[in-house]
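What follows is calculated from the coordinates using simple rules that are stated; it is not laboratory data. No experiment lies behind these values; they were computed from the predicted model shown. Neighbour counts run over all protein chains shown; Cβ positions are idealised from the backbone, glycine included.
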Amino acid sequence: MEPKSYLIDMDGVLVRGPRIIPGADAFIETLKVKGIKFLVLTNNAMYTPGDLAHRLQSIGLPITADGIFTSAMATGKFLQSQRTPGTAYVIGESGLTEEIHKAGYVITDIKPDYVVLGETFSYNLEAITKAIRLVAAGSHFIATNPDPTGPTEGGIAPACGAMAALIEKACGKSPFFVGKPNPFMMRAALNHLGVHSENTVMIGDRMDTDIVAGIESGLETILVLSGLTRADQIGDFPFQPQHVYDSVASIPL
């Protein structure tokens with residue numbers, strides 16, 4: 001049989017803040033030695049794959065840029081599938097704007113086809129207000145992911161989902177979220193890796209994004225307890241992972 005391939009969430013699975021989760025480096029090294037295809041998935045749209053690869057390598061995880069797939073990349077592919085060339089007003093960092101340009105889009109605030117919201121280091125009320133007015137005037141509203149908060153060294157911080165809710169409340173128009181748990185991101189990642197869903201495993205630490213995304217995309221699912229989800233919370237969900245491990249260090253390959 002062809003060996004299984006892996007889609008692997010990053011935060012809570014491989015890293016926790018600025019530190020490697022124990023055993024994650026050995027897990028990735030084993031995948032590489034055995035020639036097993038894998039892709040690290042993240043809803044973080046701020047950084048380019050090169051930026052993220054540098055961050056991971058600096059703490060001891062041997063992952064290159066071509067082994068990373070972000071919600072910004074999925075957003076670029078979605079826009080390209082809808083309309084190209086096009087125009088977009090973008091709130092986000094270089095990880096997102098680079099993918100928007102790659103998709104054949106011009107970034108502008110003059111009657112854009114889309115308003116695209118991602119994470120940024122500092123949300124600006126003026127930029128959010130402009131986004132609200134553009135969406136109210138008819139621009140389509142796209143957001144990279146629905147995560148309401150994101151982890152920082154000082155604790156949680158408002159993320160894309162929270163800002164999207166603010167814009168939606170103000171203008172009455174809901175966004176289309178591209179990142180996990182949207183199956184579009186999963187299918188885009190599978191295509192990027194060149195593998196099929198029936199022979200791919202999703203590894204994640206969140207039931208409400210990683211596991212449900214894997215199930216809805218027809219993947220085998222593994223929940224690890226090294227991140228947000230505790231063992232006593234698993235039964236609260238109407239869907240269940242096929243396997244549960246303490247961390248990636250416990251997953252047999």
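Quick notes on this one:
- Springs between Cα atoms under 10 Å define the GNM used for the chain, and in it the highest mean-square fluctuation of Met185, Met202, Met163 occurs at Met163.
- Springs join every pair of Cα atoms under 10 Å in this Gaussian network model of the chain, and among Ile142, Ile222, Ile110 the largest mean-square fluctuation is at Ile110.
- Relative protection proxy for 167-173, 80-86, 40-46, 155-161, from highest mean packing down: 40-46, 155-161, 167-173, 80-86 (other beta-carbon atoms within 10 angstrom).
- Sorted by Cβ density within 10 Å, fewest first, the residues Ser122, Ser139, Ser58: Ser122, Ser58, Ser139
- Estimated [θ] at 222 nm from DSSP helical runs (n ≥ 4, -39500 (n - 2.57)) normalised by residues in the chain, nearest 500: -9500 deg cm²/dmol
- Within the listed set Thr144, Thr229, Thr221, the residue fluctuating most in the Gaussian network model of the chain (springs between alpha-carbon atoms under 10 angstrom) is Thr229.
- The chain: antiparallel DSSP beta bridges as a percent of all, rounded to 5: 15 percent
- Taking amide H as placed 1.01 Å from N in the peptide plane, Met202 has its amide H under 5 Å from the amide H of Leu7, Glu220, Thr221, Ile222, each at least 5 places away in sequence or on another chain.
- For Asp109, distant residues with modelled amide H under 5 Å away: none
- Using R0 = 22 Å, the C-beta based FRET efficiency linking Ser94 and Asn191 works out to 0.40.
- Residue pairs exceeding 22 angstrom between C-alpha atoms, taken from Lys130/Lys180; Lys34/Lys77; Lys111/Lys173: Lys130/Lys180; Lys34/Lys77.
- When peptides 211-220, 68-77 are ranked by their average number of other Cβ atoms within 10 Å per residue, the highest-first order is 68-77, 211-220.
- Counting neighbouring beta carbons within 10 Å and listing from fewest to most, the residues Arg16, Arg206 come out as Arg16, Arg206.
- Close amide H pairs (under 5 Å, H built 1.01 Å from N) link Ile68 with Val40, residues at least 5 positions away or on another chain.
- In segment 72-177, the DSSP beta bridges split such that about 25 percent are antiparallel, to the nearest 5.
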